[in-house]
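Report on one structure; see the data block that follows.
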Amino acid sequence: MFVGPITLFAIYIIIWWLVLFTILPLGMNQGAQERPTDGSDWGAPAQTNLKKKFITTTWVAAIVWLILVLVIQFQLIPLPDIPSTRT
């Protein structure tokens with residue numbers, strides 16, 4: 001079964017977003033945080049480390065995507081045949 005490059009890219013983007021929302025809460029610790037006086041939210045973390053989390057998200061999503069592509073390519077899970085609309 002051949003999957004086109006646009007479909008592969010769309011699958012990667014969806015996996016990337018899922019992994020991002022899984023990784024975002026990791027490492028967040030409120031600990032002994034003082035009450036904010038500058039008007040910021042009480043639950044906001046002092047350090048977000050977004051750059052590190054985006055990099056981690058990218059390589060974890062790439063690994064998950066590669067595994068999924070291999071499963072599809074070697075037909076380890078059969079996918080239903082969808083009739084083509086092309087004539």
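The values are calculated or read from the model by the stated rules, or taken from the named source; none is laboratory data. Quantities reported herein were computed from a predicted structural model and do not represent experimental measurements. Using ideal geometry, Cβ is built from the backbone for each residue, glycine included, and neighbour counts are taken over all protein chains shown. Calculation scope for accessible area: heavy atoms of the full protein, side chains included, ligands and nucleic acids excluded. Shrake-Rupley method; radii C 1.70, N 1.55, O 1.52, S 1.80 Å.
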So the carbon and sulfur contribution to the accessible area of the chain, 1.4 Å probe, in percent, is 68
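So with the 1.4 Å probe, I'd like the accessible area per residue for the chain, rounded to whole Å².
Values: 7480 Å² over 87 residues.
Here the residues of the chain average 86 Å² of exposed surface.
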Rounded to the nearest 10 Å², what accessible area does residue 7 have for a 1.4 Å probe in the complete protein model? 70
How big is the dipole moment of the chain about its Cα centre under a simple scheme where the beta carbon of each Lys and Arg is +1, that of each Asp and Glu is -1, and everything else is neutral? Debye, nearest 20, please. 180
How large is ³J(HN,Hα) for each residue in segment 20-26, as worked out from phi by the Karplus curve 6.51 cos²θ - 1.76 cosθ + 1.60 (θ = phi - 60°), to whole Hz, x for Gly and Pro? 4, 6, 7, 7, 3, x, 5
Using heavy-atom solvent-accessible surface (probe 1.4 Å) with all chains present, what is the largest-first order of 14, 6? 6, 14
So which residue, out of 16, 59, 42, gets the largest mean-square fluctuation from a GNM of the chain using Cα contacts under 10 Å as springs? 42
Given points 7 Å out from each Cα along the Cα-Cβ axis, report the residue 49 to residue 13 separation in nanometres with one decimal. 2.9
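Rounded if a/c is under 1.5, else prolate if a/b is larger than b/c, else oblate: which is segment 29-68, with a ≥ b ≥ c the root eigenvalues of its Cα gyration tensor? Intermediate values should be presented prior to the final figure.
Numbers: a/c = 4.37, a/b = 3.66, b/c = 1.20.
Verdict is prolate for segment 29-68.
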Solvent accessible area, Å² - residue 24, 1.4 Å probe, full protein context: 60
Could you derive backbone 3J(HN,Hα) for segment 38-50 from the dihedral phi with the Karplus parameters 6.51, -1.76 and 1.60 (θ = phi - 60°), listing whole Hz in sequence and x where the residue is Gly or Pro? 9, x, 6, 6, 4, x, 6, x, 6, 10, 8, 6, 5
Just how much of residue 22 is accessible, in Å², when a 1.4 Å probe is used and the result is rounded to the nearest 10? 90
Going by a ≥ b ≥ c, the root eigenvalues of the Cα gyration tensor, does the chain fall in the rounded group (a/c under 1.5), the prolate group (a/b larger than b/c) or the oblate group? prolate
Can you compute the modelled spin-label distance between residue 66 and residue 79, with each label point 7 Å from Cα toward Cβ, in nm? 2.0
Gaussian network model of the chain, Cα within-10 Å springs - most flexible of 45, 36, 25: 36
